[in-house]
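The values are calculated or read from the model by the stated rules, or taken from the named source; none is laboratory data. Bear in mind that the values here come from a model prediction, so they are computed numbers and not experimental data. Reconstructed Cβ throughout: ideal geometry from the backbone, glycine too, with neighbour counts over all protein chains shown. Accessible surface areas use protein heavy atoms only, side chains included; no ligands, DNA or RNA. Shrake-Rupley method; radii C 1.70, N 1.55, O 1.52, S 1.80 Å.
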Amino acid sequence: MQFDNQGVDVSGVDDQRGGGGMGRGTMVAGGGGIVGLIVTLLVVFLGGSDTGGTGGAAGETLDQLKARCNTNGALNQYNDCYLIKVFNETDQVWKAEFARLGQTYRRPTLTFFTGQVRTGCGAASSQVGPFYCPPDQHIYIDVDFLNQLQQQFGAQGRYAEAYILAHEYGHHLQTMLGVEPKVRRLQQANPTQQNPLSVKLELQADCFAGVWGALANRDGKVTVTKSDVAEAQRAAAAVGDDRIQKASTGRVNPESWTHGSAAARQRWYTTGYNSASLQRCDTFAT
């Protein structure tokens, strides 16, 4: 995956690493309304989140972060810089696409944190994986825990990280398009459909991630190769509910799925990439 030659813009970043987070106290796996790549079973399967890696320096100012991320080789050396650059490119693509469609667009905020964080959805732990909170419109990522997530679930690779961030950005699109609040109302009206509706919401975010890759490639924002697409497809399958359940409990229970099977997640990502169209991502029609 190759980027354009524009610099890394940190104006959309909220860096809470080293800022104390929530302090000590009772933690929940995920706050109400949180939507994300997994948000299920991670506490049991992954345990703690001390991982090391090249996540970046805690306690930096945004000016220091910007300076570090704009040095030669920073995108290859630092995961946070790479994610910020993906965030920049995703913002540019969706801003242009929403303008073309005549839709109102707002950029979300990319929040880095360590271990635990307070959000507009309530208290959250890094063990839910990367997630998006609709009330505050922030994408939350613990970079070091993301490394562990990729290693233990097999969703490895640089473009896999781009897919993960693009999936969370997809949830932001759902908020702007009114899909997310409509789904929440339907879930409240019919609790028996809570999980099936959650699956459709997550599969649509996978599809939107695929659309982003195709549009970014077409518009020259990034160069996405066939191997990049294959990497994203493997990552989408790696975080399917069936694979996570099998790995964590040894059993597969489709009735408890909230994100979709490995095959479905891979299929909808591919649908988005091949079509390059948000309209083709109507997972609620199937």
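Some points to look at:
- Residue 98 - accessible surface, heavy atoms, 1.4 Å probe, Å² rounded to 10: 0
- For the chain, the dipole from Cβ point charges (+1 on Lys and Arg, -1 on Asp and Glu) about the Cα centre works out to 540 debye, to the nearest 20.
- Exposure rank, largest accessible area first [14, 91; 1.4 Å]: 14, 91
- The stretch 145-265: C-alpha gyration tensor shape, a/c 1.5 cut-off, then a/b vs b/c: oblate
- Ranked by solvent-accessible area (1.4 Å probe, protein heavy atoms only, all chains present), the residues 268, 94 order from largest to smallest as 268, 94.
- For the chain: rounded, prolate or oblate by the Cα gyration tensor [a/c cutoff 1.5]: rounded
- The chain - percent of accessible surface contributed by carbon and sulfur, probe 1.4 Å: 47
- In terms of its C-alpha gyration tensor, the stretch 65-152 has an oblate overall shape, because the principal axis ratio a/c (a ≥ b ≥ c, square roots of the eigenvalues) is not below 1.5 and a/b does not outweigh b/c.
- Ordering of 221-229, 191-199 by packing [mean C-beta count within 10 Å, highest first]: 221-229, 191-199
- Rounded Å value of the spacing that divides the Cα centres of the stretch 94-150 and the stretch 171-227: 13
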